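Have a look at the structure below, then the notes.
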Amino acid sequence: MLDEKTKQRQQQALLTENPLSDLEEPPSPIKRHVKWKMARTKRYGQMTSKAAKEISDRIDSLEEQTTQGSFVPHGRDDILNTAIGKPEHPGRVRAAGSGMTLTQFYGRATRTSSSSSATLMQQQWADIIGNIKEQVRNEYEEQHKRSLEEFKKELSSQIFIQLSQMGSQYSPLIEVDLQALAARLSTKGSNVETADVDPSGDKNVSLKPTMGLYVQRQNTTVLVALGKICEGGSAIHNVTYADDVVRVSVDKVIEGDSEVPFPTSEIQYVKQALQTFIAWPTNLVKKVSHEESDTSPKKLPETDERGTNDFDHDPLRQLIKSLYFMYDTPVELKWDGSKFGLSNVDASFFLTFSDVNEIVAGYKCLNISILQLWMLFLDEWSSTLGHASVYGFLEPQSIHNAKDRRAECEHYLQAWLKESQREVYLGAYLNQGHWQLVVLCPATNVVAWFCSLRKKPDTHIKTAINNAMKSANTTADGTNNPATPKWVEVKSHVQSGGYECGYYVMHWMWNIVGGGLKNDWSMWFLDGTALDNETITTIRQKWAAYFLKVQSIQCTKS
């Protein structure tokens, strides 16, 4: 219609005197992308949909790029098609009226122009997609980094704020005050055990004035400590003691290296009895003068196995505070590997936040580094008890995974047994996430096997131990003893949960060293019940106290 009117006006102009005077330029046709926007714009300027609004914004952007020369519409890659991102459907052209075909609107495209146009469009989209991906990646990484830093700061802040509020409510297992580890006294013929007692927590116990605690030496008595007589019954932890024995709490040590009258696996010397209940002969508990009560100790008590002199409070609570500083920085503990059959004298291992948190929580499986530190503790403790030549310890990492490393495990055992020549070797063995205890007795050619799930020893560790002991054992004339060791499967405590196996191994090792046991394993370990929370808590406290002690020493050296 527009073309016909234009032709008529041109013909009329030719008939006039001045043909061009009345001829006007026809109006420019409305561009296709403008029509597309007008068709999708509501009365008050809003677009009909969110998708239409996004395409409209891209159209505006492309128009501006066209004026700047950064975008040049070309054939079918005009503003509208580029903004929509999809090619025209065959048989019609958007916003060009009905019946308008691609060939009529764009003309017949040559193969070359079509190919180059498609290549150009693909390249443009590849660039756009690449830029979007890069932008999204950078934004994600920045947000992730910022979120992680904020999380760490918030977590650290919360840990620090809550430390002083946790107390005994932090874990249901933290119920015992380590300042008062006491000896369970036994009557004649009974076994000796240890347990935790809080001298100030028993409301039925009345404390008398400070008394002198003496020991008999030849024909005289010597004052070795000061304490108080505790009344409230004739038993400690339901174990009765004789009428000529009283229960006392040791408040001050004067001669720490003196032996106590009734030594146990836990307490042999006066310095180990500080702040605990122990038994004392009635005739050796006497009143002291003011001058005697002010006597300074001849030797200050050193830190005992339980760490009670190092801390005013439960070491587990002290350990909680250490977690705050270990969150980002693991603790490296140095040790002499030659003491455990390793060639590296200056060995070390790391304890991380998650490792120590296993002890704090009390309900998680223990990592191998926890048992490594326990081995260091027992080695040091056995030396103080005079058992340095009796007990040797197998480094857990060196016997771990015997299935894949049987040759290395066997070589380690053989070399260490020949070199150290101890009577008993204790090894914490980790097999498929489960801790078990193996006790080697080369002199008697016996191997004792402890498992809290009553599992039998796996073939790989058993073969490695048998071969190592055959090679290490020699007869009186110096020849090897080819006999296979006798394996004894000890029927001791059975765990009730799924995480306690490490604590059971630590408990057995502690009792063997503390009791000086070297044989008759089935006689000593007959209790098939589960360990109670009190016993597991005691082990956790001992571990915590020793860790804090070692950490403090290394910090002082550095």
Is it fair to say Glu410 is of a type outside the set (Gly, Ala, Ser), touching a helix residue (DSSP H, G or I) at 6+ places or on another chain (Cβ under 7 Å) and at pLDDT 90 or above? yes
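If the requirement is being at pLDDT below 85 and either open to solvent by less than 50 Å² (accessible area, probe 1.4 Å) or among the aromatic types (Phe, Trp, Tyr) (or both), which of these qualifies: Val253, Val245?
Working: Val253 fails: at pLDDT below 85.
Of the residues listed, the single one that is at pLDDT below 85 and either open to solvent by less than 50 Å² (accessible area, probe 1.4 Å) or among the aromatic types (Phe, Trp, Tyr) (or both) is Val245.
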Search the range 340-355 for residues that are β-branched (Val, Ile, Thr) and pair each with any residue that is part of a loop (DSSP other than H, G, I, E, B) when their beta-carbon atoms are under 8 Å apart and the residues are at least 6 apart or on different chains. Val345/Asp336; Thr352/Pro330
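Condition (residue is in a loop (DSSP other than H, G, I, E, B), modelled with pLDDT under 95 and either touching a helix residue (DSSP H, G or I) at 6+ places or on another chain (Cβ under 8 Å) or under 18 Å from Trp508 (Cα atoms) (or both)) applied to the range 437-444: is it met by at least one residue?
Here is the first cut: in the range 437-444, the residues in a loop (DSSP other than H, G, I, E, B) are 442-444.
This time we only want the ones that are modelled with pLDDT under 95, so: 442-444.
After this cut, where a residue has to be either touching a helix residue (DSSP H, G or I) at 6+ places or on another chain (Cβ under 8 Å) or under 18 Å from Trp508 (Cα atoms) (or both) as well, the list is 442.
Within the range 437-444, one or more residues are in a loop (DSSP other than H, G, I, E, B), modelled with pLDDT under 95 and either touching a helix residue (DSSP H, G or I) at 6+ places or on another chain (Cβ under 8 Å) or under 18 Å from Trp508 (Cα atoms) (or both).
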Output for the range 376-398, where each listed residue is hydrophobic (A, V, I, L, M, F, W, C) and free of Cβ contacts under 8 Å to residues at least 60 places away in the same chain: Ala388, Phe393, Leu394
Show the residue pairs that are 6+ apart or on different chains and have beta-carbon atoms under 8 Å apart, the first residue being within the range 492-513 and within 12 Å of His434 (Cα to Cα) and touching a residue at least 24 places away in the same chain (Cβ under 8 Å), the second being among the charged types (D, E, K, R) and assigned to a helix (DSSP H, G or I). Tyr503/Arg540
Looking only at residues in the range 458-505 that are part of a helix (DSSP H, G or I) and basic (Lys, Arg), which one is modelled with the highest pLDDT? Lys462
Within the range 200-218, residues within 22 Å of Gln268 (Cα to Cα) and either modelled with pLDDT under 80 or outside any strand (DSSP E or B) (or both) come out as Gln218
Scanning the range 314-326 for residues that are open to solvent by 20 Å² or more (accessible area, probe 1.4 Å), in contact (Cβ under 8 Å) with a residue 40 or more places away in the chain and not polar (S, T, N, Q) gives Arg317, Lys321, Tyr324
Given the conditions (1) open to solvent by 10 Å² or more (accessible area, probe 1.4 Å); (2) closer than 27 Å to His411 by Cβ; (3) not polar (S, T, N, Q), which single one is not true for Gly515? (2)
Considering only the range 394-423, state which residues are closer than 18 Å to Asp336 by Cα, open to solvent by 50 Å² or more (accessible area, probe 1.4 Å) and under 24 Å from the mean Cα position of the chain (by Cα). Gln397
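Would you be able to say whether some residue in the range 520-528 is farther than 15 Å from Ser492 by Cα and surrounded by 19 or more Cβ atoms within 10 Å (Cβ to Cβ)?
In the first step, residues of the range 520-528 are kept if they are farther than 15 Å from Ser492 by Cα; the result is none.
No: the range 520-528 contains no residue that is farther than 15 Å from Ser492 by Cα and surrounded by 19 or more Cβ atoms within 10 Å (Cβ to Cβ).
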Which condition does Gly233 not pass, out of (1) at pLDDT 80 or above; (2) open to solvent by 20 Å² or more (accessible area, probe 1.4 Å), if it passes all the others? (1)
Could you tell me whether the range 18-35 includes any residue that is open to solvent by 50 Å² or more (accessible area, probe 1.4 Å), modelled with pLDDT of 80 or more and more than 17 Å from Asn81 (Cβ to Cβ)? no
If I go through the range 506-558 residue by residue, how many of them are more than 24 Å from Ala388 (Cα to Cα) and part of a loop (DSSP other than H, G, I, E, B)? 8
If you go through Asp328, Asp346, Asp310, Asp336, the only one that is at pLDDT 80 or above and not aliphatic (A, V, I, L, M) is Asp336
With the requirement that a residue be part of a helix (DSSP H, G or I) and aromatic (Phe, Trp, Tyr), what does the range 314-360 give you? Tyr324, Phe325, Phe340, Phe353
Please find, among Gly107, Gly91, the residue that is open to solvent by 50 Å² or more (accessible area, probe 1.4 Å) and at pLDDT below 70. Gly91
In the range 327-341, which residues are crowded, with 17+ Cβ neighbours inside 10 Å and under 26 Å from Ser389 (Cβ atoms)? Leu333, Trp335, Gly337, Lys339, Phe340, Gly341
Please count how many residues of the range 64-79 are over 16 Å from Trp125 (Cβ atoms) and touching a residue at least 24 places away in the same chain (Cβ under 8 Å). 1
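The values are calculated or read from the model by the stated rules, or taken from the named source; none is laboratory data. Just so you know, these numbers come straight off a predicted model, no measurement behind them. Here the Cβ is made from the backbone with ideal geometry for all residues, glycine too, and neighbour counts use every protein chain on show. Ligands, DNA and RNA are excluded from the accessible area calculation, which covers all protein heavy atoms including side chains. Shrake-Rupley method; radii C 1.70, N 1.55, O 1.52, S 1.80 Å.
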